[in-house]
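For reference, the structure is listed below as structure tokens.
Just so it is clear, none of the values below were taken in a lab; they were calculated from the coordinates. The structure presented is a predicted model; accordingly, all values stated were derived computationally and were not measured. FYI the Cβ positions are ideal-geometry reconstructions off the backbone, even for glycines, and counts take in every protein chain you see.
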2 protein chains.
Amino acid sequence: MVTMRDVAERANVSIATVSFVINGTKRVAPQTRARIEAAIEELDYRRNVVARALASSRTRILALLHPDLEARPNATVIQFVMSAAHGARERGYDLVLWPVNDDEQMSHLLAGGLVDGALLMEVRICDSRVDRLVESRVPFALIGRTENDDLPYVDIDFATTIDQAVGHLRSFGHERIALVTQRTKAAPGDEPGRIMRAEAAYLDATAALRRRVRRPPAVIAVEGTSAGGREAARTLHDDFPDATAVVLVNEGASAGLVKGSRALGRSIPDDLSIISASTTRELGEMIEPSLTVMAAPAPQLGRLAADALIDQLEGVQDTPPHLLIPCTLVPGQSVGPPPEGRRR
Amino acid sequence: MVTMRDVAERANVSIATVSFVINGTKRVAPQTRARIEAAIEELDYRRNVVARALASSRTRILALLHPDLEARPNATVIQFVMSAAHGARERGYDLVLWPVNDDEQMSHLLAGGLVDGALLMEVRICDSRVDRLVESRVPFALIGRTENDDLPYVDIDFATTIDQAVGHLRSFGHERIALVTQRTKAAPGDEPGRIMRAEAAYLDATAALRRRVRRPPAVIAVEGTSAGGREAARTLHDDFPDATAVVLVNEGASAGLVKGSRALGRSIPDDLSIISASTTRELGEMIEPSLTVMAAPAPQLGRLAADALIDQLEGVQDTPPHLLIPCTLVPGQSVGPPPEGRRR
């Protein structure tokens, strides 16, 4: 059988250069490319990936397993998906999208032998899909984390993110800060990890403050929609009238919270300061007034997840990758000092 | 070699049911599934997709070719991607994401033999990628259209969409209607088809009106960003002060146009009515006031594109599919009658 080495020798280039041309992973000068293509033709080198997969028992295909997001995927999720595809391609791998909501369907897809490895999104604290992944023996990396910190993952560092958001609000003088998270249909413990981690981080970050002002935590969970955001504005107004600032960990409800608060006669940021955490700059810019956001590292995380998985597949990495990256503060016009009358 | 038929006979079920279990395309009752899995094991039936692909010279993998959207993909694009993946999976195919900006890279990927067919997004009027696709002999369907209407495509019906948007504004009494489209770095003729088709549709839909009020067309092209939207608001204010309504075909500039217009002292819809065409309801809801939108049929189009491609692959369809679907009017709060003083 003709190998890539034979092609490289005939074309008088390195094996890496042949690989760049065959896998389309890097630009190669036109003359060099022409020489390699001539060598491929002369030697009748099979470029067929199927044949190659059978020969190597590797397919160089990775799966991105995600819940069926057809309805309304948010901006951050898109950045994950696109950057994972891009990162995989740069290393000569292909990413298939598998919308699966059903554990059994997932197991069968994994058992089919199509993919060398899998990335899992929207990871829950207790996640039966992760158990299935472990059983399948297909190498994987999680975007998010379960309770089990030993598994390979990349995730947003919610502890640091929320701590910075609360710190930013405190630097303006806010003492009574609420948290708006996302309500899901999942059973307790079965929620996406980000919801529980964000809440834990909020409780930590505001503990000393709450002891001082003698107030219980103010946590509001609503749907990730405009209607959910308006509901949060109403609950905030009725149940936590002394809160002068909000940290949102609910991208889809951000616009609704702003619109709902204004409809209730609260000016932003004069009456209420708002930070939307784990979202995109673009979302912040779309809203009026422009929201101060903690921008999610989604473009990096998707790529890092692909890298972490490929490192495992290629034996580059011995220990499971554990990467936590915080969001980045992007100031807008939705944070200011608390109203004088409410300060205590 | 053991076939699916052998498994079906042993398990006493139809071949279709075996296929549902193997390809994970449909739920099967647990007892039936258990019987099929037992038969698979007893007969040592190879579920390996690679072996199957080699046997059938088909991989059942489709590629979605898209420009590198890592930077800021918009909401409509992701609905295309997710619905195409979902539609493919429902018919037992897998969708790989290929971010390609380079014709040569694309040709090499297609020559690799991984995919049975390809979907191409962000199609331009003159698109060298389409020529490459035709050369590759890999079956394909376009999401969008080139000049050549004979190729297989699914697309948004911009003529009907813009006509309906203009008609909606006219029913409120607007006579001077501007169009805001997207400026790209592409050479003329090389733009995405939607930009040229939307402009042509605007010229058609407003022709009689413009003759009557004796005004030239008012077309503004800006970047698809918040800054672009603010630039459009400024140009509208300075160059077309008599325009009382705008149709946008520039999703990313929608929020900026609203914010920019308000910053210039124009109330929406009292001074200026706005319709954003070819976007999502969710985007309309996020903006204040809620935008009247023409919602893109993105969730349907992605699936229809996958179906059109698979129909070709499976010989269901003899003629190239040509599907045009208009956007749907979703009224918000951004359209009202023109201000009295400006009516003419």
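Assorted remarks:
- Across peptide A:107-118, the average count of Cβ atoms from other chains found within 10 Å of a residue's Cβ is 4.
- With a 10 Å cut-off around each Cβ of B:280-288, the average count of Cβ atoms from other chains is 5.
- Cα shape, the protein assembly as shown, gyration tensor, a/c 1.5 rule: oblate
- Averaged over the residues of A:76-84, the number of partner chain Cβ atoms lying within 10 Å of the residue Cβ comes to 5.
- About the Cα centre, charge dipole magnitude for segment B:168-231 (Lys/Arg +1, Asp/Glu -1 at Cβ), debye: 380 debye
- Amide H contacts of B:Ser334: B:Thr292, each under 5 Å away and 5 or more positions distant or on a separate chain (H built 1.01 Å from N in the peptide plane; Pro and chain starts excluded).
- Placing unit charges on each Cβ (+1 for Lys and Arg, -1 for Asp and Glu) gives segment B:176-305 a dipole about its Cα centre, and among B:Ile195, B:Ala255, B:Gly302 the Cα reaching farthest toward its positive end belongs to B:Ile195.
- Given charges at Cβ of Lys, Arg, Asp, Glu: chain A dipole, positive-most of A:Leu323, A:Leu119, A:Ile61: A:Leu323
- The charge dipole of segment A:4-47, taken about its Cα centre with unit charges on the Cβ atoms of Lys, Arg (+1), Asp and Glu (-1) only, comes to about 260 debye.
- Chain A, helix-only ellipticity at 222 nm - DSSP H runs n ≥ 4, -39,500 (n - 2.57), divided by all residues, nearest 500: -14000 deg cm²/dmol
- Legend: translational diffusion of segment A:192-310 by Stokes-Einstein, Rh = Kirkwood radius over C-alpha pairs, 37 °C, 0.692 mPa s; D = 214 µm²/s.
- Per-residue HN-Hα couplings for segment B:326-335 [Karplus 6.51, -1.76, 1.60; θ = phi - 60°; Hz; x = Gly/Pro]: x, 6, 10, 5, 10, x, x, 10, 9, 10
- Segment A:4-47: relative contact order as a whole-number percent, Cα under 8 Å and 6+ apart: 40 percent
- Surface/4 estimate of mean projected area, convex hull on alpha-carbon atoms of segment A:82-150, nm²: 4.8 nm²
- Given +1 at the Cβ of Lys and Arg, -1 at the Cβ of Asp and Glu and no other charges, the dipole of the protein assembly as shown around its Cα centre is 1460 debye to the nearest 20.
- Bridging of B:Lys259 to lysines at a Cα separation below 26 Å is possible for A:Lys259, B:Lys185, once same-chain residues fewer than 8 apart are set aside.
- At R0 = 45 Å, FRET efficiency that the Cβ-Cβ distance of A:Val316 and B:Asp150 yields, to 0.05: 0.40
- Amide H contacts of A:Leu114: B:Val49, each under 5 Å away and 5 or more positions distant or on a separate chain (H built 1.01 Å from N in the peptide plane; Pro and chain starts excluded).
- Between B:Val180 and B:Ile220, B:Val247, B:Leu248, B:Val249, the built amide H atoms are under 5 Å apart, and every one of these is 5 or more places off in sequence or on another chain.
- Once C-alpha pairs closer than 8 Å and six or more residues apart are averaged by separation and normalised to the residue number of chain A, the relative contact order reads 18 percent.
- With the convex hull drawn around the C-alpha atoms of chain B, the volume per residue stands at 149 Å³.
- Across the copies of the chain, A:Gly173 has label points (7 Å from Cα along Cα→Cβ) spaced 4.7 nm apart, shortest distance listed first.
- For A:Glu104, inter-copy label distances in nm, listed shortest first [label point 7 Å out on the Cα-Cβ vector]: 5.0
- Tail beyond 14 Å, pair distance distribution of segment B:4-47 (Cα, percent): 34 percent
- Here the 3J(HN,Hα) profile of segment A:202-214, calculated from phi with Karplus coefficients 6.51, -1.76 and 1.60 at θ = phi - 60°, is 5, 4, 4, 5, 9, 4, 5, 4, 5, 4, 5, 8, 6 Hz, Gly and Pro shown as x.
- Only one residue of B:Ala218, B:Pro269, A:Thr161 has its Cα farthest out toward the positive end of the dipole of the protein assembly as shown, where Lys and Arg carry +1 and Asp and Glu -1 on Cβ, and that residue is B:Pro269.
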